[in-house]
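First comes the structure, then the notes that go with it.
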Amino acid sequence: MPAYCLIATAIGPVGLVWSETGITRLQLPDADGARTLARLTRGLDDAEEAHPPEWLEPTVKRLQQYFAGAKIDLSAEPLDFSGVPEFHERLYREMLKLAWGETVTYGELAERVGSPGAAQSVGQAMGKNPMPIIVPCHRVLASGNKMGGFSAPGGVKTKLLLLDMEGIRLGARNPAQMAFSF
């Protein structure tokens, strides 16, 4: 049976859902904890709220460090891809290879998984990524290294903030004028 919790981070409450084998969902903060929790548990009728098990506590600490701005590698976190379509899983596993501050375009990612010309399908898979940040879809850009979309709360504004936090600059913006607000 899946379990879930909200964890406190520097950007607000982040939601986690896990199975016995790994994380199945990560929810970025919404306007408040109640909305974050509602998004996190949508469609999880059999999930129960719980404290993270001991094996998940290091991941919780690394996520808190990441959201506080530390250069953290989340690529080896325990993930459970059961129920994820095969093409999406191939993409997500390939994205786990992207290091802090490294980006790739939708088209390049499609080529890396042996599906050249499937940039649009890559974009659709990014919108369904159940574990953003750990599976770093914010590091996937449109052609010409343009922003592209972002389906998490706050949309493109959140993506820009995450990229800025990792030292990735796209065009002239004043990050001091941006803040996490959903």
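None of the figures in this text is laboratory data; all of them are computed from the coordinates on show. Keep in mind it's a predicted model, so treat the numbers as computed, not measured. Here the Cβ is made from the backbone with ideal geometry for all residues, glycine too, and neighbour counts use every protein chain on show.
Karplus-based coupling profile of region 120-128, in residue order and whole Hz: 5, 5, 4, x, 5, 5, 4, x, 10, with θ = phi - 60° in 6.51 cos²θ - 1.76 cosθ + 1.60 and x standing for Gly or Pro.
The gain in end-to-end length when the M1 to E20 segment is fully stretched comes to 6.0 nm, 0.36 nm per residue minus the alpha carbon separation. Run the paramagnetic zone check for F87: 7 angstrom along Cα to Cβ, then residues of region 113-133 with backbone nitrogen under 16 Å. Correct set: 113-129.
Taking amide H as placed 1.01 Å from N in the peptide plane, L141 has its amide H under 5 Å from the amide H of V104, T105, Y106, each at least 5 places away in sequence or on another chain.
Counting 0.36 nm for each residue step from S143 to K97 and taking away their Cα separation leaves a gain of 14.6 nm.
Just so you know, the Rg over Rh for region 86-177 is 0.95, from Cα atoms, with Rh as the Kirkwood radius.
Each of the peptides 41-50, 6-15 was scored by the mean count of other Cβ atoms within 10 Å over its residues; in descending order, highest first, they stand as 6-15, 41-50. Take every pair of alpha-carbon atoms less than 8 Å apart whose residues are at least six positions apart; their mean separation over the length of the chain yields a relative contact order of 19 percent.
For the chain, the Cα-based Rg and Dmax, in that order, read 15.8, 47 Å.
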